Amino acid sequence: MWFMKSKFLVVAFFTFWGSILLAQSGDTVSTTNPRLWTKATYRFKPTKKLNIDLSGLYRSVGGEEGKNRFISEVQFNFEQSKTVSIATEFRHYSIFDVNGLNQRWRARVSATKSYNIGKDDISFRFGAQHREIISGGGSARADLRFRGSYTKAFKNWEWDPTVYSEYIGSFYSENPNKQSSRLRLGVETDNKVIGGKVSVGYFYQHNFKDLYGHYNTISVGYRF
């Protein structure tokens, strides 16, 4: 009975967000741009329940949401239990555009709750983030994030796919015209390869504000 109810919740969740996306499809934004996100991570575990990730990221494509940028990141993930974790993340952005170099920093905190459904998994993540401008253009902004995901386990297959939906919306912006509201719908997977873990994914990002275009994003990562 719990299994059937959980399946229903998964379908209802993604149908709900898909309906929002379709309802907003008549906005003034018509441009959809491709993006490539890459990430290399080194993880170490000072304690059994604490993971510390040091990462370098490169993201391509122009526009406010995807200027060519290099990102330095450190993330602390504390596993309170087998199904609950809390994470904090700090980033420094070096963003390159036609006007030169822009620099930002961002801090984020999030909590994740997971539910096992047989061999499959459902998880919900809620987070808040704040960014500040160090140099160059842009404005300070704070966002809330909510993500729901479903991971399907297949027998004799190591690349278990995860489908997810994530909403990111501003609750503060130094420039009210720069507030953001976006929805991501995607799929991702990972597997242990050559001594580390390779991850690949795709997501579509729909921007509800008419300031930005939409995005098709391919992500590739490797964790040592």
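Taken together, the values in this text are just the output of simple stated rules run on the coordinates, not laboratory data. None of these values were measured; they are calculated from a predicted model. Positions of Cβ are backbone-derived with ideal geometry, glycine not excepted, and every protein chain shown enters the neighbour counts.
Charged neighbours of residue 79, selected by a Cβ distance under 11 Å, balance to +4 (K, R count +1; D, E count -1). Measuring nothing but how far apart in sequence close Cα pairs (under 8 Å, 6+ apart) lie, relative to its length, segment 55-175 scores a relative contact order of 16 percent. Of the residues 41, 88, the one with the fewest other Cβ atoms within 10 Å heads the list, and the complete ranking is 88, 41.
If one computes the Cα centroid of segment 87-136 and of segment 177-224, what distance in Å separates the two points? About 12 Å separates the Cα centre of segment 87-136 from the one of segment 177-224.
Using the 10 angstrom Cβ neighbour count as an exposure proxy, how do 53, 160 rank, fewest first?
Details: 53 18, 160 15.
Ascending Cβ contact count within 10 Å gives the list 160, 53.
As a proxy for reagent exposure, ranking 163, 98 by other Cβ atoms within 10 Å from fewest up yields 98, 163.
The label-point distance for residue 174 and residue 128, in a model that sets each label 7 Å from Cα toward Cβ, rounds to 2.0 nm. Subtracting the Cα-Cα distance of residue 90 and residue 33 from 0.36 nm times their residue separation leaves 17.8 nm of extension gain.
A convex hull fitted to the Cα coordinates of segment 60-210 yields 136 cubic angstrom per residue. Full extension of the chain segment joining residue 44 with residue 200 gains 54.0 nm, where the gain is 0.36 nm per residue of separation less the Cα-Cα distance.
How high is the FRET efficiency between residue 181 and residue 160 when r is their beta carbon distance and R₀ equals 30 Å, given to the nearest 0.05? Rounded to the nearest 0.05, the efficiency is 0.45.
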